[in-house]
Amino acid sequence: MISRYLFQALDKRAFWVAVALMVFAVLVPLLNLVVPDGHPLHVPDYLVGLLGKYLCYAMLALALDLVWGYCGILSLGHGAFFALGGYAMGMYLMRQIGDRGVYANPVLPDFMVFLNWEKLPWFWYGFDQFWFAMVMVVVVPAVLAFVLGWLAFRSRVTGVYLSIITQAMTYALLLAFFRNDMGFGGNNGLTDFKDILGFSLQSSGTRAVLFALSALALAGTLVLCSLIVRSKLGKVMIAVRDAESRTRFLGYRVEHVKLFAFVLSAMIAGLAGALYVPQVGIINPGEFAPANSIDVVIWTAVGGRGTLIGPIIGAFLVSGGKSYFTAAFPDLWLFALGGLFVIVTLFMPKGVIGLLGQLKGLASKMPRKNADKPLPAKPEAAE
Amino acid sequence: MSLKERKPLLYLDGVSVSFDGFKAINNLSMVIEKGEMRAIIGPNGAGKTTMMDIITGKTRPDEGSVFFEGDTDLTKHDEAAIANLGIGRKFQKPTVFESHTVMDNLVLSMKGKRGVFSALFHQEDAQERNSIADILEIIRLEHRKDALAADLSHGQKQWLEIGMLLAQDPKLLLVDEPVAGMTDAETVETAKLLREISRNHSVIVVEHDMSFIRDLDVKVTCLAEGAVLSEGSLAHVAADPKVIESYLGR
Amino acid sequence: MRQLRKLAVAVLLSFLAAVASTGHGKASDTSLEATISALASAKLKDRGNHIEALAATGDAQVVPFLEALAAGDVYFKKSDKTVFITRKAEGGLQLLDPLSLEEGEVVGSRSLKKVKVNNKLRRLVRGAVAGLTVQSHDAGTRLEAANALYKSQDLEALPLLKAAVAAETDETVKDAQERAIAAITLKNVKASEAERLEALGKFKAQGDQEALALVSSFLPQAKTAAESEAAALAIQSIEKSLAMWDAVENVWYGLSLGSVLLLAAIGLAITFGVMGVINMAHGEMVMLGAYTTFVVQEVIRKSFPGFFEFSLLFALPLAFLVAGGVGLAMERGIIRFLYGRPLETLLATWGVSLILQQAVRTIFGPTNKEVGNPDWMSGAFEIGGLALTANRLWILVFALVVFVVLLMVLKRTHFGLQMRAVTQNRRMAASMGIRTPWVDARTFALGSGIAGMAGVALSQISNVSPNLGQTYIIDSFMVVVFGGVGNLWGTLVGAMTLGVANKFLEPYAGAVLAKILVLVFIILFIQKKPRGLFALKGRAVDL
Ligand SMILES: Nc1ncnc2c1ncn2[C@@H]1O[C@H](COP(=O)(O)OP(=O)(O)OP(=O)(O)O)[C@@H](O)[C@H]1O
Ligand SMILES: [Mg+2]
């Protein structure tokens, strides 16, 4: 019933990818846990962890695509929302350690004991409750996005200016989280987690479940984004992207539309970060590095922005490439990544998806006129 | 002041604006009555488009006010608010949403709630479908309703923008050079359409095409250097020596 | 012919005069030597007379001897009673001539006998030394003596100082002597109220940390109400002047930081201002400049060590060429295909920045490179209560010179005219026959080249590593965005404002928090003025 509705409401590709993700969510853990070691179909633990990580990246890329691909807001600070979600999760995991830390303090995390802190800072209250931490995972990024977006969109800060501010935002957070007296573990960040909801983070079972949750979360995000993009609001978003001021003259509050997309996107990014942290076992200020956020942009661009599947493909391709290169040719990775930025912007403005479309178009000798057309150079031609 | 009490639809009161010292609009005053259609002519750079920018909130005047329906001062509102008050605009250079289809362009323009959440949960109903079909017929783009707006010809884009204006169904339409790039037949068609629209809307049309203005057969205002040069019937304005001097030529 | 003879006579005469004067020097030396050996052979209780006799000569040459005497480093040979200053050396004591301080042989301590002194003599020596140096012929020595007395506040030197100050002609020395007198006066229980008030006034005028310490320690010992009031007033005024110098220092540090920001951002201001191109590889142009300096210095060190002082002068044009060349290649190869698509340009140039970083890392290695400071770049000097380091000062000067030159290029040259035309109206400029693509290429090369020169300057104050550019890029953006696009003055004001703001916040918030606050401030500022401080207006700039 619902699936029937979704099938009609979603675009077909998104629907099938969501279905595939759900299958993935079940299959990979099965192949990891049930199929015995040594069997050709066995999925080793490390691969589960790796793929789980990629799923979180894909979610982050999708979040970015919602604002960049559909709303024209190039955020160079999405890594910050991801990291904030991750920190919220990390704080919960930290408090789960309890008295099993090195200093065996039942309340204070090790790093606070090390800094001779007497009591828990107020902003750590409540993080021993899972539900509270989960609320914070989305609320904190949302609040930050709301404040920044409200200020920026209201005063019509657009284009590269907005990109630069978002970059400054994540840079400022990077500096802030490096400080010990911020109360987030300084440059070591939060780590040495033990368990989540009572399940050990070291056990394959927990990790398989985390993987499955990531896959489902990505599928859910995909469905959500697809519904939004296909709604009238999605059309307004695209209108804003292509001709912001024209949209205003139709009576739409561009700043509200952008704010909605930005805040929602930040929440998705926060959720992705929260799923990421228990799988990699650490969150530190490095996640705020501006370069990380720009990497997300390239995932989205490689896959194809303004499509829903593109960012997912891009995140897997580029992070997979990174895992491979940094192991096989560590010196070449930055050359490859740098080259990718140049090639994608110059020759593949619509990414892999666009390329596929072009090939298909060539094959059927039906040139799709718009597939390779750059977005209008000067969208603000409303005169 | 009696003018304000009489509540004309639009009342520009001593509006001036300058760009880096250059006065584009100079103490301009003008009244548009409810249900009136007004044609505006004037040489290039006279300030016609700038006047529309001021009415629609794109440009803030340095001095003066613009009253809509008596007491709403438009200079205190932004573009979206002004559009929602019931002022629609067609731009001099046709601007449509290029990566949307013709149909979607109209859907976006359709009169209705403009909030984020009403857009998110919007469901197309039969009434909306019908009016879009009507508009498509009027602007003669039915056969291209699924084409991307980017792929339309210049003239078709002009029509689409007129269609968007119709979908918006505003109280006051500002139409900047609607027939630029149209064939003669289409120009006549457009004049006819505008006259029809003007039966239950107020319209301000800017045009350089004199035969089109003649077809409209309405009161004409000639602007020059940001101020009203002459106002009245086309015959009156065309005979005005000042107009002949600065615009029509001998 | 006669002329020549005259000349010969003159030469001869001056020669004779010279001989005579050295002879005279010799003569007085011998009498000093005599007194010294007399001193050595005299009994302990008679030695005082000889010390006074030495002091009475007024010859500062005996100061080292007297100091050594007080320190117990004066010995005489048992064999011939000649007197030496000694210094510990391997295998015994190193002998030094008591007057010329020429090094002699090293002998075992057995053959020597110490010239003993007691505390009474020591005090005598100290007074004699102070007197000798305070009245020395050499202004430098006198100054040192006065400063030493200022520090030690030796009551007994007071009469000497007073005598010296009356005879003093050199202003700075006189000032130091007066300070010393004032310091001693404050310590002197026997001084009159008037004298102390005068001393307090002196310190009030001096207004530095030392004066504050002296006056504060005097305050509890004040004898009369007038004295304590004057002391309190002095403290207040000194604190005020200290705060003032603090502020001046902050401004200076701020301007110094501002000049660094200006250097880093000015090239960006050009590329962004004229072409609307956000060049994310801009920081790497700076880095290339710094590495060019490194290479230049390596070559000089290996092949022309004598030219090291000029290494930066060689590096500047080279860095301009290297970074400008890379910039030109970037513009022709990538950026020109992306005009009108600022976000794509941003991404492509980021890619280039990654490649450049990795290239440099591959060639030069990931670690910091040592770039030396020429002598004229190191050292420091003081103005009032402010210590200026040479490298910071030079960088400030350099930044301003670059700024002014660039301003001139934009205002006065044909190329500048074309550039401005393109900024204001690209299409119009094109239709006037300006080859806008070339203007773009050259502008971009110019902006990059300037970044390279900035790299030469920055190599003098920061680590030269492949990450050098990354540390400056966000700051440069902030400057340009804050100052406003398309206006060099905006960049100047923006850089200096941000630099000074940063340094003023630092004492309260700490360096990191200050930086965060500045970033937050800019984020908020852009909301108010989305186009920066000095924004261009009009239709043309709607990017
Ligand atoms: N944003 C702006 N910045 C600078 N100058 C402007 C701006 N807007 C309008 N102008 C100037 O104001 C004057 C009036 O322009 P406007 O576009 O209103 O003329 P117009 O009457 O519509 O002419 P046309 O018949 O050619 O369309 C012109 O000289 C124009 O250059
Ligand atoms: Mg016009």
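The values are calculated or read from the model by the stated rules, or taken from the named source; none is laboratory data. These numbers were taken from a predicted model, which means no experiment stands behind them. Note: ideal-geometry Cβ built from the backbone for every residue, glycine included; neighbour counts use all protein chains shown. All accessible areas refer to the heavy atoms of the entire protein, side chains included, with ligands and DNA or RNA removed. Shrake-Rupley method; radii C 1.70, N 1.55, O 1.52, S 1.80 Å.
For the stretch C:258-267, the tally of residues that are touching a Gly at 6+ places or on another chain (Cβ under 7 Å) and open to solvent by less than 10 Å² (accessible area, probe 1.4 Å) stands at 2. For the stretch A:278-286, the criterion of a residue being touching a residue at least 24 places away in the same chain (Cβ under 8 Å), within 12 Å of chain C (Cβ to nearest Cβ) and over 20 Å from A:Leu66 (Cα atoms) is satisfied by at least one position. Within the stretch C:47-57, does at least one residue satisfy the condition of being outside any helix (DSSP H, G or I) and surrounded by fewer than 21 Cβ atoms within 10 Å (Cβ to Cβ)? No, that holds for no residue.
So that you can scan it fast, the table gives a plain yes or no per residue for (1) open to solvent by 20 Å² or more (accessible area, probe 1.4 Å); (2) over 19 Å from A:Leu340 (Cβ atoms):
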{"site": "A:Pro285", "(1), (2)": "no, yes"}
{"site": "A:Ala289", "(1), (2)": "yes, no"}
{"site": "A:Ile298", "(1), (2)": "no, no"}
{"site": "A:Ala301", "(1), (2)": "no, no"}
{"site": "A:Gly304", "(1), (2)": "no, no"}
{"site": "A:Leu308", "(1), (2)": "no, yes"}
{"site": "A:Pro311", "(1), (2)": "no, no"}
{"site": "A:Gly320", "(1), (2)": "yes, no"}
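Tallying residues that are within 14 Å of chain A (Cβ to nearest Cβ) and either more than 16 Å from ligand 1 (Cβ to nearest atom) or in a strand (DSSP E or B) (or both) within the stretch B:69-80 yields 4.
The criterion of at least 1 residues that are on the phi < 0 side of the Ramachandran plot and touching a Ser or Thr at 6+ places or on another chain (Cβ under 6 Å) is met by the following helices (runs of 4 or more DSSP H) wholly inside the stretch C:162-243: C:193-206. For the criterion of being modelled with pLDDT of 85 or more, among the small types (Gly, Ala, Ser) and either surrounded by 22 or more Cβ atoms within 10 Å (Cβ to Cβ) or within 16 Å of ligand 1 (Cβ to nearest atom) (or both), C:Gly486 fails. Of all residues in the stretch A:229-244, those satisfying the criterion of being within 7 Å of another protein chain (Cβ to nearest Cβ) and in contact (Cβ under 8 Å) with a residue 24 or more places away in the chain are A:Leu233, A:Ile238, A:Asp242, A:Ala243. Residues that are open to solvent by 20 Å² or more (accessible area, probe 1.4 Å), in contact (Cβ under 8 Å) with a residue 40 or more places away in the chain and at the interface with chain C (Cβ under 9 Å from one of its Cβ atoms) are absent from the stretch A:134-147.
In the stretch C:280-291 there is no residue that is of a type in the set (Val, Ile, Thr), assigned to a helix (DSSP H, G or I), under 30 Å from C:Val422 (Cβ atoms) and open to solvent by 10 Å² or more (accessible area, probe 1.4 Å). Go through (1) open to solvent by 10 Å² or more (accessible area, probe 1.4 Å); (2) outside any loop (DSSP other than H, G, I, E, B); (3) within 13 Å of ligand 1 (Cβ to nearest atom) one by one and return the number of the condition B:Asn84 breaks. Status for B:Asn84: all satisfied but (3). If the requirement is being of a type in the set (A, V, I, L, M) and within 15 Å of ligand 1 (Cβ to nearest atom), which of these qualifies: B:Val228, B:Val218? Selected residue: B:Val228, the only one of B:Val228, B:Val218 that is of a type in the set (A, V, I, L, M) and within 15 Å of ligand 1 (Cβ to nearest atom). Cβ separations smaller than 8 Å between residues 6+ apart or across chains give no pair from the stretch B:167-190 residues that are closer than 14 Å to B:Thr95 by Cα and without any contact (Cβ under 8 Å) to a residue 24 or more places away in the chain to residues that are of a type in the set (Lys, Arg) and within 16 Å of ligand 1 (Cβ to nearest atom). Taking the stretch A:338-354 as the range and being within 8 Å of another protein chain (Cβ to nearest Cβ) and surrounded by 23 or more Cβ atoms within 10 Å (Cβ to Cβ) as the test, the residues that pass are A:Gly338, A:Phe341, A:Val344, A:Thr345.
Residues being within 14 Å of another protein chain (Cβ to nearest Cβ), of a type in the set (A, V, I, L, M, F, W, C), more than 18 Å from B:Glu79 (Cβ to Cβ) and within 15 Å of ligand 2 (Cβ to nearest atom) are entirely absent from the stretch B:42-60.
Just one of (1) on the phi > 0 side of the Ramachandran plot; (2) within 14 Å of chain C (Cβ to nearest Cβ); (3) open to solvent by less than 10 Å² (accessible area, probe 1.4 Å) fails for B:Gly21. It is (3). Regarding the stretch C:449-461, can at least one residue be identified that is surrounded by fewer than 24 Cβ atoms within 10 Å (Cβ to Cβ) and more than 25 Å from the chain's Cα centre (by Cα)? No, the stretch C:449-461 has no match at all.
Of the strands (runs of 3 or more DSSP E) entirely within the stretch C:73-138, those holding at least 1 residues that are within 23 Å of C:Lys45 (Cβ to Cβ) and at pLDDT 80 or above occupy C:74-77, C:83-89, C:112-114.
Quick grid of which residues meet (1) surrounded by fewer than 17 Cβ atoms within 10 Å (Cβ to Cβ); (2) among the hydrophobic types (A, V, I, L, M, F, W, C); (3) touching a Phe, Trp or Tyr at 6+ places or on another chain (Cβ under 8 Å):
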{"position": "B:Leu173", "(1), (2), (3)": "no, yes, no"}
{"position": "B:Asp184", "(1), (2), (3)": "yes, no, no"}
{"position": "B:Arg199", "(1), (2), (3)": "yes, no, no"}
{"position": "B:Val205", "(1), (2), (3)": "no, yes, no"}
{"position": "B:Met210", "(1), (2), (3)": "yes, yes, no"}
{"position": "B:Arg214", "(1), (2), (3)": "yes, no, no"}
{"position": "B:Asp217", "(1), (2), (3)": "yes, no, no"}
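Looking across B:Lys58, B:Lys93, one residue alone is within 16 Å of ligand 1 (Cβ to nearest atom), among the basic types (Lys, Arg) and surrounded by 17 or more Cβ atoms within 10 Å (Cβ to Cβ). It is B:Lys58. Of all residues being polar (S, T, N, Q) and facing another protein chain (nearest Cβ under 8 Å) in the stretch B:81-106, which is nearest to ligand 2 (Cβ to nearest atom)? Just the residue, please. Among those that are polar (S, T, N, Q) and facing another protein chain (nearest Cβ under 8 Å), it is B:Gln92. Take C:Leu158 and decide whether it is assigned to a helix (DSSP H, G or I), touching a residue at least 24 places away in the same chain (Cβ under 8 Å) and closer than 16 Å to C:Glu67 by Cα. So C:Leu158 does not fit the description; no. Restricting the stretch C:343-362 to residues that are within 43 Å of the chain's Cα centre (by Cα) and within 22 Å of A:Ile73 (Cα to Cα), the residue that is nearest to the other protein chains (Cβ to nearest Cβ) is C:Gly351. For C:Arg179, the conditions (1) within 30 Å of C:Ser217 (Cα to Cα); (2) more than 30 Å from the chain's Cα centre (by Cα) all hold with the exception of (2). The set of residues from the stretch B:82-109 being under 15 Å from B:Leu173 (Cα atoms) and of a type in the set (A, V, I, L, M, F, W, C) comprises B:Ile82, B:Ala83, B:Leu85, B:Ile87, B:Phe91.
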